[in-house]
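Remarks on the structure that follows.
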Amino acid sequence: MKTRIKFSKEGNLRFVGHLDMMRYFQKANRRAELPVAYSEGFHPHQIMSFAAPLGMGLEGKAEYFDLRITEEGAATLHSEEAAERLNREMAEGIRILSFLRLPDDSPNCMSIVHAADYEILFRAVAPEDKIAGQFVDGSGYRSLTGDEERALRAAVEELLQREEIPVQKTGKKGNLRELDLRPMIHALRCEDNRLRCTVAQGSEANLKPELLLSALFSLDTARPFAAMPRRVVRTELYDSAGKTLESYGTIF
C-alpha cells in the first residue's frame, strides 16, 4: 500500500540536512514498528521517497515523503494510529501532521512537485527594536515598521515589473551561468508583516528563496533588509495543477 506522510520541521532541526533526515525517518519507522515494505536484493532498503529537499537553515510546515506499507500490515493499520506511533518517536521540532493512503497508480511525491510557498519573517537585531506589540511570535521575529513595510512593498513592485531578472548562479562544477528568475516567480507579496512568495520547485525548474531574496535585496529600496536576520519557512508544496501533495491521499 502506498502512503504519504506530511510533517513539519522547525526550530533547531532546520540545521539537519536532507540525507540525515532520510536516515532519521528510516530509524523512526523501525522504532515505531510500522509494517514498512522493503526492496528486494542483497541490500534491501525501505521503499520511501521524499518530495523535495529542504535547504539547510530553512524550516518547513508542509514536508512530505511517500512510504510503502506491506499489504499484510495495511490490513490492520489506520491513519491515526500510524501518525501517533511515529509522533512518539519524533524529536522536538518534528511533527507528523497526516498519514494518508494513496491510490495504487499515484506517482511518487518527488516526481510531481512543481511549486512551493515560502514566507520570510525578519528578526529584531538590537534592544531598541524590541517595541511592545511589535513581535509576530515569541521567537524574536517582529512585525515591520510602517517605513519598512512601504520600502519592502515598493521593492516587490519594482522587481515584479521587470520582464527579466538575470542572476549569476554557480553550478555544481563551479562554473558561473546566467539564470532568469522571472519565469520562476509565480507570486511575491508583502503582507501580514512578512514576505510571501510562490516559486518554481522541482526537477524542471527550481528557485531557492535565497536567490530570490538576493535579487530583491539588490534593489535600493530593499537593501537594508539584507542585513536583517530572517526566518525562511516553506509552507506548502504543489503539483503542476496547483493541488497540494496532501490532496492526493485519503484517511484509511
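The values are calculated or read from the model by the stated rules, or taken from the named source; none is laboratory data. Note that the coordinates shown come from a computational prediction; the quantities given were computed from them, not determined experimentally. Don't worry about glycine lacking a Cβ; one is built from the backbone with ideal geometry, like all the others, and counts go over all protein chains shown. Quick note on the areas: whole protein, heavy atoms, side chains included, nothing else; ligands and nucleic acids left out. Shrake-Rupley method; radii C 1.70, N 1.55, O 1.52, S 1.80 Å.
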(request) First select every other residue whose beta carbon is under 15 angstrom from the beta carbon of Tyr24; then total the charges, Lys and Arg +1, Asp and Glu -1. (result) +3
(message) Let me cross-check Glu72: its accessible surface, 1.4 Å probe, with only protein heavy atoms counted, in Å² to the nearest 10?
(response) 140
(request) Might you work out the accessible area of Asp220 for me, using a 1.4 Å probe with all protein chains in place, and round it to the nearest 10 Å²? (result) 120
(request) Can you sort Phe15, Phe7 by 1.4 Å-probe accessible area, starting with the largest? (result) Phe15, Phe7
(request) Work out from phi, with θ = phi - 60° and the Karplus expression 6.51 cos²θ - 1.76 cosθ + 1.60, the ³J(HN,Hα) of each residue of the stretch 233-246, listed in order in whole Hz, and give x for Gly and Pro. (result) 10, 8, 9, 6, 10, 10, 8, 5, 8, x, 8, 6, 5, 5
(request) Please sort by residue number the trypsin sites (Lys or Arg not before Pro) in the stretch 172-239 whose DSSP state is loop and whose Cβ has at most 11 other Cβ atoms within 10 Å. (result) Lys172, Lys173
(request) Would you mind working out the magnitude of the charge dipole of the stretch 28-94 relative to its Cα centre, with +1 at each Lys and Arg C-beta and -1 at each Asp and Glu C-beta, to the nearest 20 Debye? (result) 160
(request) Compute the accessible area per residue over the chain, keeping the other protein chains in place, probe 1.4 Å, unit Å². (result) 53
(message) Along the charge dipole of the chain, pointing to its positive end and built from +1/-1 on Cβ of Lys, Arg, Asp and Glu, which listed residue (Pro103, Tyr248, Val156) has its Cα farthest out?
(response) Val156
(message) With angles folded into 0 to 90 degrees, how steeply does helix 18-31 sit against the dominant principal axis of the chain? Use alpha carbons for both and round to 10.
(response) 30
(request) Could you state how much accessible area Glu246 has, in square angstrom rounded to the nearest 10, with a 1.4 Å probe and all protein chains kept in place? (result) 60
(request) With unit charges on the beta carbon (Lys/Arg positive, Asp/Glu negative), name the residue among His45, Gly11, Leu86 whose Cα is farthest towards the positive pole of the charge dipole of the stretch 1-124. (result) Gly11
(message) Output the 0 to 90 degree angle, nearest 10, between the alpha-carbon long axis of helix 79-88 and the longest principal axis computed from the alpha carbons of the chain.
(response) 70
(request) Of the listed pairs Lys6/Lys169; Lys173/Lys243; Lys9/Lys173; Lys208/Lys243, which have alpha-carbon separations greater than 23 Å here? (result) Lys6/Lys169; Lys173/Lys243; Lys9/Lys173
(request) Using only Cα atoms, tell me the angle between helix 146-160 and the longest principal axis of the chain; keep it within 0 to 90° and round to the nearest 10. (result) 70
(request) With only Lys, Arg, Asp and Glu charged, each at its Cβ (+1 for the first two, -1 for the last two), find how big the charge dipole of the chain is about the Cα centre; round to the nearest 20 debye. (result) 580
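Tally Lys/Arg at +1 and Asp/Glu at -1 over every other residue whose Cβ is under 11 Å from the Cβ of Gly55; what's the total?
On the way: positive: Arg14, Lys208, Arg234; negative: Glu59, Glu210.
Around Gly55, the surrounding residues sum to +1.
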(message) Rounded to the nearest angstrom and ordered from largest down, what semi-axes does the equivalent ellipsoid of the chain get from its C-alpha gyration tensor (root of 5λ)?
(response) 37, 22, 16
(request) Give the shape of the stretch 59-120 as rounded, prolate or oblate, defined through the alpha-carbon gyration tensor: a ≥ b ≥ c are the square roots of its eigenvalues, a/c under 1.5 means rounded, and otherwise the shape is prolate if a/b is larger than b/c and oblate if not. (result) oblate
(request) Would you mind checking which residues have amide H under 5 Å from Thr235's amide H? H placed 1.01 Å from N; only 5 or more apart, or other chain. (result) Lys61, Asp117, Tyr118, Glu119
